[in-house]
Amino acid sequence: MGRHREFDVGKVLDAALCVFWRKGYEGASYADLTAAAGVERPALYSAFGNKEALFRRALARYYELYLGYIPEALQLATAREVAAHILDSAIALNTRFPEHTGCMVINGVLAGSDDAEPVRQILIEARAVAETQLRERFERAKAEGDLPQTARPDALAAFLMAVLHGMAVQAKAGFSRDILKAVAEQALSAWPASEQRA
């Protein structure tokens, strides 16, 4: 008969999420994770498997708790509203928690050791999924006349992702919410006008 788990898995996962968000995958040591979670290393292994498995679960939890604004945005009426909602929501998230600024998907691992390569690939794939969702939404906007026929949905999606990634790095570096809002406004000023308004 297995030993009864004596901790709340959700709370432990949330604590691990915050460590990964602040320190990235490789920067988060098992000592950091166990201290934040308040459990011993064997209990972490038992509940989640290895560090990579724990990171995968924490990433899924991050999407569940913090990135609901993306599907919300994709339902908005115009491509510009989609972009504005995502930018505003990302700024709010990137600056909401002083102890872990930026974005966990960006902070996770941009470059790392060979051992971290699977995690880097997970994050690349996650960003690619978001970019595909944006491209498809902008293709629809173009077909509906909300974007001009000269607009390139793939380039608009890549542009928006580049601005979002840059703002996440800037937030991690301590840029203020006001500066990030100015960056978002500058990005939106370059947004193509709809066919209806042109």
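The values are calculated or read from the model by the stated rules, or taken from the named source; none is laboratory data. Every value quoted in this text rests on a predicted model; they were computed, and no experiment measured them. Don't worry about glycine lacking a Cβ; one is built from the backbone with ideal geometry, like all the others, and counts go over all protein chains shown. Surface accessibility is based on the protein's heavy atoms, side chains included, excluding ligands, DNA and RNA. Shrake-Rupley method; radii C 1.70, N 1.55, O 1.52, S 1.80 Å.
Some observations on this one:
- Residue within the stretch 47-55 that is open to solvent by less than 10 Å² (accessible area, probe 1.4 Å), within 16 Å of the chain's Cα centre (by Cα) and either in the same structural domain as Asp146 (by TED's automatic domain parsing) or under 23 Å from Glu139 (Cβ atoms) (or both) present: no
- Verdict on Pro153 being more than 17 Å from Leu180 (Cβ to Cβ) and modelled with pLDDT of 95 or more: yes
- Figure legend. Inter-residue proximity from the stretch 60-78: first residues on the phi < 0 side of the Ramachandran plot and not assigned by TED's automatic domain parsing to the domain that holds Ala15, second residues open to solvent by less than 70 Å² (accessible area, probe 1.4 Å) and in a loop (DSSP other than H, G, I, E, B), beta-carbon distance below 7 Å, spacing 6+ or different chains. No pairs are indicated.
- In the stretch 145-159, residue most open to solvent (accessible area, probe 1.4 Å) [restricted to those that are touching a helix residue (DSSP H, G or I) at 6+ places or on another chain (Cβ under 7 Å), of a type in the set (A, V, I, L, M) and farther than 13 Å from Ile86 by Cα]: Ala158
- Test: residue in the stretch 118-129 that is charged (D, E, K, R) and closer than 18 Å to Ala84 by Cα: no
- Filtered residues of the stretch 87-129 (kept if under 29 Å from Ala182 (Cα atoms), of a type in the set (Ser, Thr, Tyr) and out of contact with any Lys or Arg (no Cβ under 8 Å at 6 or more places or on another chain)): Ser89
- Given (1) over 13 Å from the mean Cα position of the chain (by Cα); (2) within 21 Å of Arg61 (Cα to Cα); (3) touching a residue at least 40 places away in the same chain (Cβ under 8 Å), number of the condition Asn107 does not satisfy: (1)
- The C-beta contact set for the stretch 115-144 (first residue open to solvent by 60 Å² or more (accessible area, probe 1.4 Å), second residue hydrophobic (A, V, I, L, M, F, W, C) and assigned to a helix (DSSP H, G or I), distance under 6 angstrom, 6+ apart or interchain) comprises Glu131/Ala157; Glu131/Met161; Arg135/Ala157.
- Residue list for the stretch 79-99, filter: open to solvent by less than 10 Å² (accessible area, probe 1.4 Å) and closer than 14 Å to Tyr66 by Cβ: Ile86, Ala90, Ile91, Leu93, Asn94
- Residue in the stretch 2-43 that is surrounded by the most Cβ atoms within 10 Å (Cβ to Cβ), counting only those that are among the basic types (Lys, Arg) and outside any loop (DSSP other than H, G, I, E, B): Arg22
- Residue in the stretch 123-132 that is over 13 Å from the mean Cα position of the chain (by Cα) and not assigned by TED's automatic domain parsing to the domain that holds Glu52 present: yes
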